[in-house]
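Student: Provided herewith is a single structure, encoded as structure tokens, for subsequent inquiry.
The values are calculated or read from the model by the stated rules, or taken from the named source; none is laboratory data. Here the structure is a predicted model, which is why all the values come from computation and not from measurement. With ideal geometry, Cβ positions are generated from the backbone for all residues, glycine too; neighbour counts draw on all protein chains shown.
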Amino acid sequence: MNIHLQRDLEHLQRRILALASSVEQAVGRAIRALFERDAELARSLMEGEAAIDLEETLIEEECLKILALHQPVAGDLRRVAAILKINTDLERMADLASNIAERVSELNQGPPVPIPSGFQVMADLTNSMVGDSLDAFVKLDLELAKRVCRLDDEVDRHNREIIAQVIKYMKKSAENVEPGLNLFSVSRQLERIADHATNIAEDVVYLISGEIIRHHPEALEAGNVK
């Protein structure tokens, strides 16, 4: 491998891992702000979004520079392509975490609102998927990446159940509509964060095996991805 390409890839890897760490922390803080009704934590989370947006742009520029200058092939090309896609998913996860923080701020302006049963389970599962997808990327762990992909359906199920509970809550009183819509939004944001974690896991599978498994759930079965 060209020594300059190796140097640039290592630098790119460090930057994407640093961004991943920041985003993972943002998701965890958004969830904590929700359950602890922590307005200050929510505010600081929203203020930190701009720094993540900037870093995402810089990483994308670095990926394009590597592609233009070094024209990598095979595994090196897959790595740059995967990082480009993971970079985008990380930035979107950070946006969703910020959206949750905004909903938390609005919820905190009124009286305490009952959090639907299952919300904590869904939040914990989503948070776990984020962490595991990033661990799979760092460790190039194919089985862990596939496990994250399989968990997406479970998060979707929790999301449907929570939304059904929120709708029942809103029907009880007109005063429940606004806080109910905020809870509806938080559940939807968590579900979308899980979707992006799944995207990252699918990119890890591509990075390791060269196979694109998106839209092909049968590829997650044992032995179907080499």
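Student: Given (1) in contact with a Pro (Cβ under 8 Å, 6 or more places away or on another chain); (2) surrounded by fewer than 18 Cβ atoms within 10 Å (Cβ to Cβ), where does Leu107 come up short, assuming only one miss?
Tutor: Failed condition: (2).
Student: If I filter segment 142-164 down to residues being surrounded by 18 or more Cβ atoms within 10 Å (Cβ to Cβ) and not aliphatic (A, V, I, L, M), which single residue comes out as nearest to Thr198 (Cα to Cα)?
Tutor: Cys149
Student: Considering segment 84-106 alone, what residues qualify as being hydrophobic (A, V, I, L, M, F, W, C) and under 18 Å from Glu191 (Cβ atoms)?
Tutor: Here is the first cut: in segment 84-106, the ones hydrophobic (A, V, I, L, M, F, W, C) are 84, 86, 90, 93-94, 96-97, 100-101, 104.
Listed by number, the residues that qualify are Leu90, Met93, Ala94, Leu96, Ala97, Ile100, Ala101, Val104.
Student: Here are some residues: Leu34, Leu84. Which one is more than 30 Å from Asn176 (Cβ to Cβ) and of a type outside the set (Phe, Trp, Tyr)?
Tutor: The unique qualifying residue is Leu84.
Student: Suppose we filter Ala174, Ala145 for residues that are of a type in the set (Gly, Ala, Ser) and within 24 Å of the chain's Cα centre (by Cα); which single one remains? Show your work before the answer.
Tutor: On the way: Ala174 fails: within 24 Å of the chain's Cα centre (by Cα).
Being of a type in the set (Gly, Ala, Ser) and within 24 Å of the chain's Cα centre (by Cα) holds for just one of Ala174, Ala145, which is Ala145.
Residues checked against (1) free of Cβ contacts under 8 Å to residues at least 60 places away in the same chain; (2) assigned to a helix (DSSP H, G or I); (3) more than 16 Å from the chain's Cα centre (by Cα); (4) crowded, with 16+ Cβ neighbours inside 10 Å:
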| residue | (1), (2), (3), (4) |
| --- | --- |
| Ala26 | no, yes, no, yes |
| Ile31 | no, yes, no, yes |
| Leu34 | no, yes, yes, yes |
| Ala51 | yes, yes, yes, no |
| Glu61 | yes, yes, yes, no |
| Ala68 | yes, yes, yes, no |
| Pro72 | no, no, yes, yes |
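Student: While we're here: Tell me, yes or no, whether segment 105-121 has at least one residue that is closer than 21 Å to Leu45 by Cα and under 15 Å from the mean Cα position of the chain (by Cα).
Tutor: no
Student: In segment 5-33, which residues are farther than 26 Å from Leu84 by Cα and either of a type in the set (Lys, Arg) or at pLDDT below 85 (or both)? Let's see the steps before the verdict.
Tutor: If we filter segment 5-33 for residues that are farther than 26 Å from Leu84 by Cα, which is where we start, we get 31-33.
Scanning segment 5-33 gives a single hit, Arg32.
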